[in-house]
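S.K.: Dropping a structure here in structure tokens format, bear with me for questions.
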Amino acid sequence: GAVVSQHPSRVICKSGTSVKIECRSLDFQATTMFWYRQFPKQSLMLMATSNEGSKATYEQGVEKDKFLINHASLTLSTLTVTSAHPEDSSFYICSAGQASSSSYEQYFGPGTRLTVT
Amino acid sequence: AQSVTQLDSQVPVFEEAPVELRCNYSSSVSVYLFWYVQYPNQGLQLLLKYLSGSTLVKGINGFEAEFNKSQTSFHLRKPSVHISDTAEYFCAVTGYSSASKIIFGSGTRLSIRP
């Protein structure tokens, strides 16, 4: 089946620095990708919808200037956490969907664990 | 807009006992429904999904779920659980296109006692 990869799987950075997380659809094209964050023992919270060739759509309460999303190609979306702080430490997961008239699949990346010290 | 409610945050059961994890959804349009499992420090794994057709859906690891439109429910069941089923389970809903957001429930932690 289709695969979505994320890189890096883990990253530790210092407070005030920026971190970029990549999400790739390996064998299909994704015009839309989604970014989620998950705090320990909590559910996935949708942060934004990444649209190829246009601006991302952010969910209410998500700072677009802090979480920069770029979807430059049909197989790559990036999330950049700018000026990271310890409260940004979390598990970030991306996903991409494939839909047709008779089927639907949503593929999730393995996640990136960000720790800000 | 869609929403998902998982009524039980934790469900403890004994090994080999049956289990049901409850999920209710709300939507003004037709939706697809999913159950995902997440083991500690891992990503999501799809257990099963309902797109259309038979309301009883069978998934991996012996799980099944039944879509009930009148009750807007999609409860997950397994007749006999194993220690290895200990994990977090998420119910999710989405619209029909690949641009539709997947909305997750708050999750149910299933803990299996020997």
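S.K.: Projected onto the charge dipole of the stretch A:16-117 (+1 at Lys/Arg Cβ, -1 at Asp/Glu Cβ, origin at the Cα centre), which of A:PHE91, A:THR31, A:MET45 gives the Cα projection farthest towards the positive end?
M.R.: Of the options given, the answer is A:PHE91.
S.K.: Quick check on my link table: of A:LYS14/B:LYS49; A:LYS66/B:LYS101; A:LYS20/B:LYS101, which ones sit more than 29 Å apart, alpha carbon to alpha carbon? If you can, show how the numbers build up before the last one.
M.R.: Values: A:LYS14/B:LYS49 40 Å; A:LYS66/B:LYS101 21 Å; A:LYS20/B:LYS101 23 Å.
The pairs that break the limit, which is 29 Å between Cα atoms, are A:LYS14/B:LYS49.
S.K.: Could you give the size of the charge dipole of the protein assembly as shown about its Cα centre, using +1 on the Cβ of each K and R and -1 on the Cβ of each D and E, expressed in debye and rounded to the nearest 20? Numbers along the way, then the final one.
M.R.: Details: 19 positive and 17 negative charges, 48 e Å.
It comes to approximately 220 debye.
S.K.: With a 4.7 Å Cβ cut-off, tell me which Cys residues in the protein assembly as shown come up empty for a partner.
M.R.: Singleton cysteines: A:CYS13.
S.K.: For peptide B:63-73, what's the mean number of Cβ atoms from other chains within 10 Å of each residue's Cβ?
M.R.: Working: counts 0, 0, 0, 0, 0, 0, 0, 0, 0, 0, 0.
Per residue, the number of nearby Cβ atoms from other chains is 0 on average.
S.K.: Taking 8 Å as the Cα distance limit and 6 or more residues as the minimum spacing, I'd like the relative contact order of chain B as a percentage. Before the final figure, lay out each step's value.
M.R.: Details: 289 pairs, mean separation 42.4, N = 114.
Normalised by residue count, the contact order of chain B is 37 percent.
S.K.: Pop a pseudo-label 7 angstrom from the Cα along the beta-carbon direction at both A:SER73 and B:ARG113 and give the gap in nm to one decimal.
M.R.: The two pseudo-label positions are separated by 5.4 nm.
S.K.: While we're on this one: Enter the Cα centre distance for the pair the stretch B:60-98 and the stretch A:69-117, rounded to the nearest angstrom.
M.R.: 24
S.K.: If you don't mind, there's one more thing I want to ask. What aspartates and glutamates does B:LYS58 reach when the alpha-carbon gap must be under 17 Å and sequence neighbours fewer than 8 apart in one chain are set aside?
M.R.: A:GLU105, B:GLU20, B:GLU66, B:ASP85
S.K.: Using only Cα atoms, locate the centre of the stretch B:1-59 and the centre of the stretch A:43-67, then give the distance between them in Å, rounded to an integer.
M.R.: About 25 Å separates the Cα centre of the stretch B:1-59 from the one of the stretch A:43-67.
S.K.: Which whole number gives the average count of other chain Cβ atoms within 10 Å of the Cβ atoms across peptide A:39-49?
M.R.: Details: counts 0, 0, 4, 4, 12, 11, 2, 4, 0, 1, 3.
Per residue, the number of nearby Cβ atoms from other chains is 4 on average.
S.K.: Charges only on Cβ, +1 for Lys and Arg, -1 for Asp and Glu: so what's the dipole of chain B about the Cα centre, in debye to the nearest 20?
M.R.: 260
S.K.: Further question on the same structure: Shielding by partners for B:91-98, please: the mean number of other protein chain Cβ atoms within 10 Å of each residue's Cβ. It would help to have the intermediate numbers written out before the result.
M.R.: Details: counts 1, 3, 0, 5, 2, 3, 5, 13.
Mean partner shielding for this stretch: 4.
S.K.: When the dipole is taken about the Cα centre of chain A, and only Lys, Arg (+1) and Asp, Glu (-1) are charged at their Cβ, what size is it in debye, to the nearest 20? Mind showing how you got there, number by number?
M.R.: Values: 10 positive and 9 negative charges, 63 e Å.
Dipole about the Cα centre, nearest 20: 300 debye.
S.K.: What are the radius of gyration and Dmax of the stretch B:16-66, computed over its Cα atoms and given in Å?
M.R.: When restricted to Cα atoms, the stretch B:16-66 yields Rg and Dmax of 12.4, 38 Å.
S.K.: Compute the whole-percent fraction of alpha carbon pairs in the protein assembly as shown spaced more than 24 Å apart.
M.R.: Result: 45 percent of Cα pairs exceed 24 Å.
S.K.: Something else: Taking the dipole about the Cα centre of the protein assembly as shown, with the C-beta of Lys and Arg at +1 and of Asp and Glu at -1, give me whichever of B:TYR36, A:THR115, B:TYR89 is farthest to the positive side.
M.R.: Among B:TYR36, A:THR115, B:TYR89, the one farthest towards the positive end of the dipole of the protein assembly as shown is A:THR115.
The numbers here are math on the coordinates, done by the rules we state, and not lab data. What you see is a predicted model, and the numbers here were worked out from it, not measured in a lab. Here Cβ is always computed from backbone atoms with ideal geometry, including for glycine, and neighbour counts include all displayed protein chains.
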